[in-house]
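Contents: one structure, followed by commentary.
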Amino acid sequence: MRSGITIAARVEELKAARAFIEKACAAAGALDRDAFDLKLAVDEACTNIIQHGYGGRGDGVIELACEIDTNTLRVTLVDRGRAFSPRDLPETDTTSGWAERPIGGLGWHFIRSSVDAIDYRADPVNGNRLTLVKRLAVPQTKEKEIG
Amino acid sequence: MDVRVERREAIAVIGVTGSVDGATAPGLAAAFREEIGAGFIRIVGDFAGVDYTSSAGLRALLETVKETRQRGGDLRLAAVQPDVRRVLELAGFTGILKLFGAVDEAVASFS
């Protein structure tokens, strides 16, 4: 099953992006926790594209697509903003005290922590493509039915 | 997201409802800043009605923790819901922020 939505690259649209993911997760029968993780990852990815890729200009778009395969949800985000390299991002500080803790830099940490696989392809012609893959936990009741 | 402010003597209780993301977090940060600007450096964030936060919300929280503690005060959170708590844990914020089950508990912790 596949579904898609195009949103304007503006923070006001983050809600629509999350609603789209929530709907896809419901269709996939995802548990609330998996749905929350995927919403967070997509929200953070969109926020990065809006603020860094498009530099907050607000005139770009983000194409979101969701594919449901056996117990796997694959979300792709395509944008035509400035490309970046997720590999170059520094490790996030999650342990230092309040005075030393840097403000910001949590977005990619949340993406990495919330999905099972990440793929990023910079493409100035067809658009930069970020793919997030989440393996869905099987609900307990379903396991019982099978067993 | 909605924000309502209630001042209880020297403590500002800021009740937040809805989702905190890149669009709404600046409003939350502004509400915190306004209280600090008015001299309320002891702040309780009532998060009972917050069902979602992204890193944008955590930025507002960390900024406020720094601002208040540097002035001898604090930001303490009450009634944080499980999903939001998990985001705080992912960021390692549960080691920084003081969390309480209820608003009254958080308010009392200042005395």
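Read-outs: derived from the displayed coordinates by stated rules, not from any lab. In this text the structure is predicted, and so the values were computed from the model without any measurement. Virtual Cβ from ideal backbone geometry, glycine too; neighbours counted across all protein chains shown.
Some points to look at:
- Output for the stretch A:71-105, where each listed residue is within 12 Å of chain B (Cβ to nearest Cβ) and surrounded by 14 or more Cβ atoms within 10 Å (Cβ to Cβ): A:T92, A:D93, A:T94, A:W98, A:R101, A:G105
- Residue within the stretch B:103-111 that is under 12 Å from the mean Cα position of the chain (by Cα) and away from chain A (no Cβ under 14 Å) present: yes
Listed here are the residues, each with its yes/no results for (1) touching an Asp or Glu at 6+ places or on another chain (Cβ under 9 Å); (2) assigned to a helix (DSSP H, G or I); (3) among the acidic types (D, E).
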site	(1), (2), (3)
A:T6	yes, no, no
A:E12	no, yes, yes
A:A19	no, yes, no
A:E22	no, yes, yes
A:D43	yes, yes, yes
A:T47	yes, yes, no
A:Q51	no, yes, no
A:I62	yes, no, no
A:C66	no, no, no
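- Candidate set: the stretch B:25-76, residues that are small (G, A, S) and in a strand (DSSP E or B); chosen: the one farthest from B:A102 (Cα to Cα): B:G49
- Scan the stretch B:61-94 for residues that are farther than 20 Å from A:S114 by Cβ and touching a Phe, Trp or Tyr at 6+ places or on another chain (Cβ under 9 Å) and the total you get is 14.
- Comparison of A:K23, A:K39, A:K15 shows that the only residue that is more than 19 Å from A:R135 (Cα to Cα) and not aliphatic (A, V, I, L, M) is A:K15.
- Taking the criterion of being closer than 19 Å to A:R18 by Cα and part of a strand (DSSP E or B), the residues of the stretch B:1-24 that qualify are B:D2, B:T17, B:G18, B:S19, B:V20.
- Note on the stretch A:78-122: residues that are touching a Pro at 6+ places or on another chain (Cβ under 9 Å) and within 25 Å of A:A137 (Cα to Cα) amount to 5.
- Filter result for A:A19 (within 14 Å of chain B (Cβ to nearest Cβ), surrounded by 21 or more Cβ atoms within 10 Å (Cβ to Cβ) and under 13 Å from the mean Cα position of the chain (by Cα)): no
- If you go through the stretch B:1-20 and keep only what is out of contact with any strand residue (DSSP E or B) (no Cβ under 7 Å at 6 or more places or on another chain) and among the acidic types (D, E), you end up with just B:E9.
- A:T6 vs. criteria out of contact with any helix residue (DSSP H, G or I) (no Cβ under 6 Å at 6 or more places or on another chain) and of a type in the set (S, T, Y): yes
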